[in-house]
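Just below is one structure, and these are the notes that go with it.
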Amino acid sequence: MSIASKIAEINAQLPASTRLVAVSKYHPADAVREAYEAGQRIFGESHVQEVTAKYAELPTDIEWHFIGHLQTNKVKYIAPFIALIHSVDTEHLLDEIEKQAAKVNRQIPVLLEVHVAQEETKYGFSIDSLRETLKNGGLVAKYPHVLFKGIMGMASHVDDDATIRAEFHALSSFFNEAKTWVPTFCELSMGMSGDYQIAVEEGSTLVRIGTSIFGERVY
Ligand SMILES: *Cc1c(COP(=O)(O)O)cnc(C)c1O
């Protein structure tokens with residue numbers, strides 16, 4: 001199946017309230033172009049060097065989303081153009097995004113990454129720590145050049161749908177709770193190739209899909 005027909009097939013399953021982030025990491029610019037020609041405009045990347053190279057080479061109306069772990073010393077390279085950073089996992093990173101956004105005179109849209117999966121290695125805030133941070137309104141007020149748009153999370157890598165659903169449900173409940181403290185919250189990024197149908201049922205507004213569109217990644 002072509003990239004265009006895979007995108008069409010996924011879009012046909014998404015409700016109007018859910019948008020597709022085509023995860024193009026490790027795939028060449030030509031693959032992105034093929035998806036672009038099929039109408040796709042939002043692409044997700046997880047490496048700074050790769051996204052800056054593709055940004056320079058590809059059409060300017062592409063919305064580039066950063067979805068991988070972001071090192072503070074690399075924020076400056078994406079600050080001028082990045083449309084949404086999904087993976088903000090520390091206040092230290094927010095400090096740097098604030099600084100670099102101010103330098104380029106932008107307000108950078110971000111999602112706060114929330115850890116709900118069983119795996120120890122996943123990055124992100126715990127629901128409890130984020131609740132404490134967001135509840136008093138202090139976090140948002142501290143960062144005038146950061147636009148807090150919502151949260152991102154990943155489910156455990158397991159075959160058991162009930163576990164995946166419970167984790168997405170926890171993210172969704174917390175998102176709805178947090179919306180009452182952060183009025184700009186409107187995006188819940190969850191769901192990948194293997195679990196996006198469940199994520200959509202649990203209220204995802206952004207699904208991040210790579211393999212089901214572009215095939216296996218070449219490392
Ligand atoms: C790579 C990646 C994806 C896409 O995963 P697929 O299984 O290829 O759809 C989604 N989210 C994040 C954070 C990723 O790093």
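The values are calculated or read from the model by the stated rules, or taken from the named source; none is laboratory data. Keep in mind it's a predicted model, so treat the numbers as computed, not measured. Glycine also receives a Cβ, built like all others from the backbone with ideal geometry; neighbour counts cover every protein chain displayed. Ligands, DNA and RNA are stripped out before the accessible areas are found, and what is left, the full protein with its side chains, is counted by its heavy atoms. Shrake-Rupley method; radii C 1.70, N 1.55, O 1.52, S 1.80 Å.
General observations
- Every condition in (1) among the aliphatic types (A, V, I, L, M); (2) modelled with pLDDT of 95 or more; (3) within 16 Å of the ligand (Cβ to nearest atom); (4) in a loop (DSSP other than H, G, I, E, B) is met by Val51 except one, and the failing one is (4).
- Tally, over segment 54-82, of residues that are without any contact (Cβ under 8 Å) to a residue 24 or more places away in the chain, of a type outside the set (D, E, K, R), closer than 18 Å to Ala29 by Cα and not in a loop (DSSP other than H, G, I, E, B): 3
- Among the residues of segment 196-219, just one is more than 9 Å from the ligand (Cβ to nearest atom), free of Cβ contacts under 8 Å to residues at least 60 places away in the same chain and open to solvent by 60 Å² or more (accessible area, probe 1.4 Å), namely Glu201.
- Here Gly138 meets each of (1) farther than 18 Å from Val207 by Cβ; (2) more than 14 Å from the ligand (Cβ to nearest atom); (3) at pLDDT 95 or above with one exception, condition (3).
- Residue satisfying condition, being open to solvent by less than 60 Å² (accessible area, probe 1.4 Å) and among the polar types (S, T, N, Q), within set Thr163, Thr180: Thr163
- Single residue of Ser172, Ser156, Ser189, Ser193 found to be surrounded by 15 or more Cβ atoms within 10 Å (Cβ to Cβ), among the hydroxyl-bearing types (Ser, Thr, Tyr) and under 24 Å from Glu98 (Cβ atoms): Ser189
- Put simply, of Asp61, Asp95 the only residue that is more than 27 Å from Asn11 (Cα to Cα) and surrounded by fewer than 20 Cβ atoms within 10 Å (Cβ to Cβ) is Asp95.
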